[in-house]
Structures are given as structure tokens and as C-alpha cells.
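What follows is a set of notes on a single structure, which appears directly below.
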Amino acid sequence: MATLSSVGSMPGLKDSSLPFPQHAPPHFNAKFHQHRRAHLAHMMPPNSAAIIIGGLWQTRNGDNLHPYRPGNNLFYFSGFEEEESIGIIKKSATGEHTFMLIVPPKDPTKEVWSGSRAGIEGAKKEFFADEAEETTNLECTLGKVKESVKQIFLIPSDVNNDLNEKVSKIIVNTINWGSVVSQMRLVKTEEEIAIIGRAIEITAEGYKKIMRCWVPGTNEGELQAIHECEIRKLGAVRLAFPTIVAAGKSATTLHYLRNSASINSNDLILVDSGAEYGNYSSDITRTWPNSGRFSKEQRELYDIVYQAQQAVFQILQPGVCLNDLQAESERVIERGLRDLGLLSMNSTREELKLYYPHGIGHHIGLDVHDAHDGAIVYQDLKQQGFRPNMVITVEPGVYIPENANVDDMWKNIGIRIEDDVLITREGYINLSEIIPSHPDEIEKLLSSVDYI
């Protein structure tokens, strides 16, 4: 296993020199996106085109919209973030490729409300498009593309189904290459690892802030606010997913999102959170005792989860798959729960799933559950061997709900430990090890508590 100290100046890790500013989202990196386009064009046959669909504003309620987030695939190949946009990579009969952006038109009235647009000139100058057209000419533009090539590949948006369908109706005979791009996205470049590394560093500071602070009479929502404030201060524009702050029995609900219950002095606190930086995600979970020290039962269960994660790390290397990690984590957790009498010696996997009901991890990148947004079936992804420069989570857990058929002292305890891990040629690097997870280290950190 590599350690943080052994990788020196690897991008994205602590004390390294990042290629992007550390306190603001990264600036547009044209070369990265140009290389992604060249990679895709290399896989395309001559006389073909790939159409990449962008994102859209999502309605929250009424005429109120969610904060806009760009479509992953179009961003991946262009860096362009405006809504309802399309990218087109064309490969000629002789093998050269060009790039076109179809963008919203400049509109002074709309720009007063929602900010400036790049327009045709900006698409060429700032985003290195060889050609650019406006979305108002979409049908005509796509018609010309259709006539100029023999084969068209569609790389759909995971959120903009209306635009997916509109393009499919104009072109008619397209070949869906969503899974091809998803496979590309699974293996990260140096630039992507750097950005994910910065997202993790920001998340780590958010964790350290709330693990070191104690607010008398606090509730879950106050901890969430303190945590997310620190993340925003350090340059993350948004969270990768809604933060989970679950205390006591709340932690036995896997995707608990109320974040409103009071925190009792003897509760464990489970926080699952991740900053999104430069559109790339992090996803980290820590569990700690509000009292500052684990009770006997809390420590025994925590040790099982910790040992399961360490056992998974021991087998983590290229060629291993998520199913292998799942089996190893289940082996350790089942043995531990049997030793405590929470499972019988002849327990089944279904009985184990009552206390460990979720998967051991997933890929992360532009999506927090990266690149299996329908293009790759998750069941297939779990059987796919890891390759160097993939980034995954490792997140075993144990959850003993109130209705469990066990002694009361075990009930209402939920524990998960989740780290973000880079697969290397030699094994792995735990990118989030800067946040304590060993129970002794957690108690040491909690002993230096600040009062707010």
C-alpha cells in the first residue's frame, strides 16, 4: 500500500502543488478537454460524428429552479457549462476531427437576469470550438451534420431527457455511446485526480471543524450548517449530494436527510458528506461519539466496521472488483457480529443484510456514484476489475435498528466509515486518510474540543 507521504508531489494530495487555485473552483483547462475529445475521436470510425447532450435547469417547485449544475458529459469534453447546449465531434474520412458547440444565443434581456452567455464568439475563443452555432438553429445544424457523415453516435444527458429525445427524432438512427463515455470517465486523468483530491481536502476541513466543536444543546441541523459553512469558505461551490447528519437512532436510516433531531450526550454521530469542487465529487463518512468517548458497545461495533475496512484495503489492487470487496467486508462483519452474539453461528447472508444492507462502495468522479447513470448497469460495474487511476469509495457499516431482535444495549447504533481511494499500479492510496477514522485517533481529536 502506498501512503500519503510516499507519493510526494502527486496532484490532489496534501502539501502538493495543485494545478488549480486552492480557494476557488479551478479555471477552465482547455487542454484537458481537448485531450478528452481526441481520445473519443480516436475510437470513432472515419466519416462519423458524436453528439454530446448538455444539461438543463431543474424545476424545484412552481417557477422556482434548483441551482444549475452543468451536464457531466458535455462538461467532460468541453468545459462548457451553459444549459441546453450540445457538443459535436466530427471525424473526417481521412481521420481528422473537429469540434462544434451549439450554444444559447446572446440575449441582453435574459443576461440581465441570469448572467452573461458565451455566445458563438465565446464558444470559439474561450472553449476552442472549431465551429459554433446557436440553439435556435438546432434542427438545421443537426440536419447538416446528418448529411455530412455516415454514422452518428449519441452521448445522452443523464438529466436532459427532452433534449435527448429531440436530437434522436431529428437524427433518427443514432448509436448510443453513453456506456463508452462512462468507461472513459471511470479512469481518471492526473488533472481529475488533482481536483478530486482538493474536494477531499476541503471535506476533511469541514469534518475536522465539526468533530472539534461542541455546541451545547445542539441538533443535527446546526452541525450540518457548521460543516457546510467551512466547505463553502474553502472554495467548494456546492455539495456533491445532500449532507447526512444522523445522531443516535437516526444513523440506522441509511439515507437519513431530516437533519433536525436533537443530539443526546451518549449518541453516536454519523456524518456522510462530500464537497464538490470543479464539478468533481468527494464522498466521506465518519462516525464519532458525542460524549468524546465510545461506550463499550459502541466501541465493539465500531471496531468491527473498522476491521472490515482494513481487511478490504489489504486486498485492494488492480484486477479486484467491487464484488470481491463486498465479500471480504461481509466476511469480517459477519464474524464480528457472531462473536458479539448478534448473529447466530449458522446465520445466513440475508440475516447479515439486516445489519449491513448496502454495498461496499462505488466509483466517484463527476457523479458521486460515477458513470453508472443508466449507461452502465451497476450490477455489471460491480464485476469489473479495477484499473489504475480509478477512484472508489470503501464504506462498510453496521446498523442495529430499534426493532432488532437483540439486547437493548445494542439498539439504535449506526456506524459507517467511508473513505475515497485511488487505485494505483501497486495497490491503492487512501486519499481521505487525513480525517481520523481509527477509534483511538477519533477520541484524541475529540479531546481537543472547542466550544461554540
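Quick check on ALA24: is it among the aliphatic types (A, V, I, L, M), assigned to a loop (DSSP other than H, G, I, E, B) and modelled with pLDDT of 95 or more? Judged against the criteria, ALA24 is not a match. Among the criteria (1) in the same structural domain as ARG69 (by TED's automatic domain parsing); (2) at pLDDT below 95; (3) crowded, with 22+ Cβ neighbours inside 10 Å, the one ALA129 does not fulfil is (2).
Listed by position, the helices (runs of 4 or more DSSP H) enclosed by the stretch 343-452 that each have at least 1 residues that are over 30 Å from GLY178 (Cα atoms) are 349-352, 439-446. Within the stretch 139-166, if we keep just the residues that are in a helix (DSSP H, G or I) and touching a strand residue (DSSP E or B) at 6+ places or on another chain (Cβ under 6 Å), the residue that is nearest to ALA118 (Cα to Cα) turns out to be THR141. Looking for something in the same structural domain as VAL391 (by TED's automatic domain parsing) and surrounded by 24 or more Cβ atoms within 10 Å (Cβ to Cβ) - is there at least one such residue anywhere in the stretch 253-265? Within the stretch 253-265 (the criterion being in the same structural domain as VAL391 (by TED's automatic domain parsing) and surrounded by 24 or more Cβ atoms within 10 Å (Cβ to Cβ)), the answer is no, since none of the residues qualifies.
Here is a yes/no grid of residues against (1) touching a Lys or Arg at 6+ places or on another chain (Cβ under 9 Å); (2) at pLDDT 95 or above:
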{"position": "ALA371", "(1), (2)": "yes, no"}
{"position": "PHE386", "(1), (2)": "no, yes"}
{"position": "ASN389", "(1), (2)": "yes, yes"}
{"position": "ILE392", "(1), (2)": "no, yes"}
{"position": "ASP407", "(1), (2)": "no, yes"}
{"position": "ARG416", "(1), (2)": "yes, yes"}
{"position": "GLU433", "(1), (2)": "no, yes"}
{"position": "PRO436", "(1), (2)": "yes, yes"}
{"position": "ASP440", "(1), (2)": "no, yes"}
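Return only the number of the condition from (1) of a type outside the set (A, V, I, L, M); (2) within 17 Å of TRP288 (Cβ to Cβ); (3) within 18 Å of the chain's Cα centre (by Cα); (4) surrounded by fewer than 23 Cβ atoms within 10 Å (Cβ to Cβ) that ASN389 does not satisfy. That leaves (2) as the condition not met.
The values are calculated or read from the model by the stated rules, or taken from the named source; none is laboratory data. If you're wondering where the values come from, they're calculated on a predicted model, not measured in any experiment. When we count neighbours, we look across all protein chains shown, and the Cβ atoms used for this are built from the backbone with ideal geometry, even at glycine.
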